[in-house]
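Structure first, then comments.
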Amino acid sequence: QPAQDAAAAQALRAEIEQLKQDFAARLAALEMIESGTTTYTDMYYFEEEIAKATKEAGLRGVLGETVIQFPVADAKTPAEALARAETYIKAFKNDDLIVPTVAPHAMYTLDAATLKATAALGRKYDVPVLIHLAETQDEVQTARKDHSSTPAGYLESLGFWGPKTVAAHGVWVTDEDIAILKKHDVGISHNPESNMKLASGAAPVMKYLAAGVTMSLGTDGAASNNDLDMFEAMRQASFLAKLSTGSPTAVPAQAALDMATIGGAKALGLDKLIGSLEAGKRADLITVSMNATRQVPMYDPVSHLVYVTRGDDVRNTIVNGKVLMRDRKVATLNEGEVVAAAKAMALKVREAVR
């Protein structure tokens, strides 16, 4: 009986976690549509539910099912997580909006065999592989202690890196690490606001750019940010680079805009389809109002987009030719229902953690 009760309790927790993902995905989708994001990348659990919510919202998503060493809500073991990831990849492999991926959490939360297996799964289905890399000094110390290498170097020794790999953060890297990442055409997801909030450090963006490493831009999610506004992420990416290098010319506005658009598309292997307005590419675009008082006068639109514009200046959001928001009115989601449901779930979470 105790074993049955424990199993039932675990099943209930998993069901609640799945519901939370659904609510959170809809809320995040609403915020992204309203602030002009057309494509996003995610790494978490119950990714098939996030994929369904993303499709319903009309967004484009590169969504990774997490593989991690310890038991989590949707998988008790790494082997179970890998099997779940493969099932998920098969289900969404040819979807117009969803690119399914496998997402090994990090080199310090997985053993070598599992890291190799995740990379192999990505290559088997020709999908991206998402991983955290060198986010903190602790991670580097762990790699040095356990593997006598840096995180990037250790993963190199395993044959992990490939051209469809996206490494989130990449803060504490050496010049040799940058060369490794360039050699394998690994894309870096720079998350400046999260790195500042968590005091993780400042990624060497100018070194990456000088080496020709593909640089993209992210928010790292509301938990460590606290919003999903990519205009703010562009601005902070530029400011943080200037502060950390002592150079006011570091990461100029155009570079920040490139990281948020075509850089992200290149990192995800989607630059032939999205990331710029060109004939033959998917119709993913937004329009931005320049009528706010702070937008006047405007001499350089690129500078204004990075240093002045906010997410709520976006007027229209279009993905795959479908209008998701017109004149600030979201067409694919009921804002009132999504916000009310999220608030109700927040109350349940608050009660659960008391």
With each label point set 7 Å from Cα along the Cα-Cβ vector, what nm distance links Ala342 and Gln69?
-> 3.4 nm
Amide H of Asp220: which non-local residues (sequence gap of 5 or more, or other chain) have their own amide H closer than 5 Å, using H built in the peptide plane?
-> none
Computed over the Cα atoms, what is the radius of gyration of region 150-274 divided by 2.2 N^0.38 Å, N being its residue count?
-> 0.99
Rounded to the nearest whole number, the Stokes-Einstein translational diffusion coefficient of region 108-170 at 10 °C and 1.306 mPa s (Kirkwood radius, C-alpha pairs) in µm²/s is 133 µm²/s
Amide H to amide H, which residues 5 or more places from Thr41 or on other chains are under 5 Å from it, using H placed in the peptide plane?
-> Val62
Potential lengthening between Lys329 and Met290 on full extension [0.36 nm per residue; Cα-Cα distance subtracted] | 12.2 nm
Would you please calculate the Kirkwood hydrodynamic radius of region 76-201 over all C-alpha pairs and express it in Å, rounded to one decimal?
-> 15.0 Å
Value in Å of the Kirkwood radius, where the chain supplies the Cα pairs that are averaged | 21.0 Å
With θ set to phi - 60° and the Karplus curve 6.51 cos²θ - 1.76 cosθ + 1.60, what are the ³J(HN,Hα) couplings of region 42-47 in order, to the nearest whole Hz, using x for Gly and Pro?
-> 9, 9, 6, 10, 6, 5
Sequence order, region 25-33: Karplus ³J(HN,Hα) from phi using 6.51 cos²θ - 1.76 cosθ + 1.60, θ = phi - 60°, Hz rounded, Gly and Pro as x, gives 5, 5, 5, 5, 4, 4, 5, 5, 4
For region 268-351, alpha-carbon Rg over 2.2 N^0.38 Å = 1.44
Can you give the accessible area of Phe70 in Å² (nearest 10), computed on protein heavy atoms with a 1.4 Å probe?
-> 110 Å²
Between Arg123 and Asn94, what FRET efficiency comes out of the Förster formula 1/(1 + (r/R0)^6) with R0 = 22 Å and r the beta carbon distance, rounded to 0.05?
-> 0.80
For region 209-281, treating each Cα as an identical point scatterer without solvent, what Debye log10 I(q)/I(0) comes out at q = 0.20 1/Å?
-> -0.90
With charges set only on the Cβ (+1 for Lys and Arg, -1 for Asp and Glu), what does the dipole of the chain come to about its Cα centre, in debye to the nearest 20?
-> 380 debye
Shape box of region 41-129 [Cα atoms, principal axes, largest first, Å] = 36, 26, 19
Residue-count net charge about Arg144 - beta-carbon cut-off 14 Å; Lys, Arg +1, Asp, Glu -1 = -4
Which net charge results when you count Lys and Arg as +1 and Asp and Glu as -1 among the other residues whose beta-carbon is under 13 Å from that of Gly153?
-> -4
Pop a pseudo-label 7 angstrom from the Cα along the beta-carbon direction at both Ala210 and Val349 and give the gap in nm to one decimal.
-> 4.1 nm
Largest to smallest accessible area among Thr245, Thr136, Thr309 [probe 1.4 Å] = Thr245, Thr136, Thr309
Cβ-based net charge around Ile89, under 14 Å, with every Lys or Arg adding one and every Asp or Glu removing one = 0
Note, region 211-223: 3J(HN,Hα) by Karplus (6.51, -1.76, 1.60, θ = phi - 60°), whole Hz, Gly/Pro = x, goes 7, x, 6, 5, 10, 10, 9, x, 9, 6, x, 5, 5
Amide H of Val129: which non-local residues (sequence gap of 5 or more, or other chain) have their own amide H closer than 5 Å, using H built in the peptide plane?
-> Thr165, Val166
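The values are calculated or read from the model by the stated rules, or taken from the named source; none is laboratory data. Everything numeric here is computed off the predicted structure, so don't read it as measured data. For neighbour counting, all protein chains shown are included, and Cβ atoms are generated from backbone atoms with ideal geometry for every residue, glycine included. All accessible areas refer to the heavy atoms of the entire protein, side chains included, with ligands and DNA or RNA removed. Shrake-Rupley method; radii C 1.70, N 1.55, O 1.52, S 1.80 Å.
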